[in-house]
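Structure, as structure tokens:
The values are calculated or read from the model by the stated rules, or taken from the named source; none is laboratory data. Since the model is a prediction, treat every value here as computed from it, not as a measurement. Every residue, glycine among them, receives a Cβ derived from its backbone with ideal geometry; neighbour counts consider all protein chains shown. Calculation scope for accessible area: heavy atoms of the full protein, side chains included, ligands and nucleic acids excluded. Shrake-Rupley method; radii C 1.70, N 1.55, O 1.52, S 1.80 Å.
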Amino acid sequence: MNTETDFLSKRVYPEALTHPAFQYISDAADALGLPTFVIGGFVRDFFLQRQTSDIDIVTLGSGIALAQKVAALLPHKPKVKIFKNYGTAMLRAFNGEIEFVGARKESYQESSRNPKVAPGTLEDDQNRRDFTINALALQLNDKDFGQLQDPFDGLKHLHMGLLQPH
């Protein structure tokens with residue numbers, strides 16, 4: 001990335017996905033036929049050129065099934081911790097934690113502070129993120145590996161040093 005234009009116009013970032021976990025996740029996602037993305041902090045920190053162990057995975061399907069498939073592919077077969085109430089899963093690997101969730105949409109009713117959660121699209125999941133920079137996502141499936149999904153100009157805001165609510 002030599003210029004600001006290169007930084008903002010480039011749409012595929014396979015160099016962001018050199019962490020060894022991503023090949024296992026990609027293989028598992030492709031085996032299950034689930035479009036899958038790394039989202040949020042890991043992506044943001046890549047563009048800030050910061051090291052991070054924060055890996056959040058969102059998939060269009062069951063995050064729990066994806067976590068179980070990844071664990072089965074890993075040489076040390078880590079235990080998958082499942083949070084059924086939230087439809088999420090977590091496993092420890094590569095000296096960190098990897099969290100998995102199925103894409104979801106949330107809606108709120110006046111009578112409750114707790115959201116009503118339903119399966120959703122990647123865009124639905126990005127819509128529920130707090131800031132534009134936390135909605136940045138990179139595709140993990142082999143076909144479009146490293147393709148950036150940035151519906152709210154989070155990369156532009158990050159480059160400008162802006163923390164924009166979504």
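Out of residues 5 or more away from ALA93 or on other chains, whose amide H comes under 5 Å of its own, with H placed 1.01 Å from N in the peptide plane?
Residues meeting the amide H criterion: ILE98.
What share of Cα pairs, in percent, lie more than 17 angstrom apart in the stretch 61-117?
Looking at the stretch 61-117, the distances longer than 17 Å represent 44 percent of pairs.
Which of the peptides 28-36, 58-66, 88-96 is most tightly packed, and how do the rest follow, judged by the mean count of other Cβ atoms within 10 Å per residue?
58-66, 28-36, 88-96
Amide H of GLN164: which non-local residues (sequence gap of 5 or more, or other chain) have their own amide H closer than 5 Å, using H built in the peptide plane?
THR132, ILE133
Quote the FRET efficiency, to the nearest 0.05, computed for GLU110 versus ASP130 with a Förster distance R0 of 22 Å and r equal to the Cβ-Cβ distance.
My answer for the efficiency is 0.55.
Calculate what fraction, in whole %, of the accessible area of the chain sits on carbon and sulfur atoms when a 1.4 Å probe is rolled over the protein chains.
The value for the chain is 48 percent carbon and sulfur by accessible area.
Can you work out the Karplus-derived ³J(HN,Hα) for every residue in the stretch 133-138? Use 6.51 cos²θ - 1.76 cosθ + 1.60 with θ = phi - 60°, whole Hz, and x for glycine or proline.
Ordered by residue, 3J(HN,Hα) equals 6, 8, 9, 4, 9, 10 Hz.
If the cut-off is 22 Å between C-alpha atoms, which lysines fall inside it for LYS69, apart from same-chain ones fewer than 8 positions away?
LYS69 reaches LYS77, LYS79, LYS81, LYS84, LYS143.
Skip the ligands, DNA and RNA, and give the accessible area per residue of the chain with a 1.4 Å probe, whole Å².
Per-residue accessible area for the chain comes out at 56 Å².
Heads up, I need the accessible area for GLU15: 1.4 angstrom probe, whole protein in place, Å², nearest 10.
Here the accessible area works out near 80 Å².
For the stretch 52-68, what does the Karplus curve 6.51 cos²θ - 1.76 cosθ + 1.60, with θ = phi - 60°, yield as ³J(HN,Hα) per residue in whole Hz, taken in order and with x for Gly and Pro?
8, 10, 7, 10, 10, 10, 10, 10, 8, x, 7, x, 5, 4, 5, 4, 5
How many nm separate the modelled label positions at ARG92 and HIS159, each set 7 Å beyond the Cα in the direction of the Cβ?
According to this spin-label approximation, the distance is 4.0 nm.
If I take R0 = 25 Å and measure r between the Cβ atoms of ASP27 and LEU48 in this structure, what FRET efficiency does the formula 1/(1 + (r/R0)^6) give, to the nearest 0.05?
Given R0 = 25 Å and the Cβ-Cβ separation, E is 0.35.
With runs of 4+ DSSP H residues as the only contributors, calculate the mean residue ellipticity of the chain at 222 nm using -39,500 (n - 2.57) per run, divided by the residue total and rounded to the nearest 500.
After summing the helix terms and dividing by residue count, I get -8000 deg cm²/dmol.
Quick query: amide H of LEU136 versus all other amide H atoms, modeled in the peptide plane; which residues come in under 5 Å with a sequence gap of 5 or more or a different chain?
Amide H to amide H, under 5 Å and 5 or more residues apart or across chains, LEU136 pairs with GLY40.
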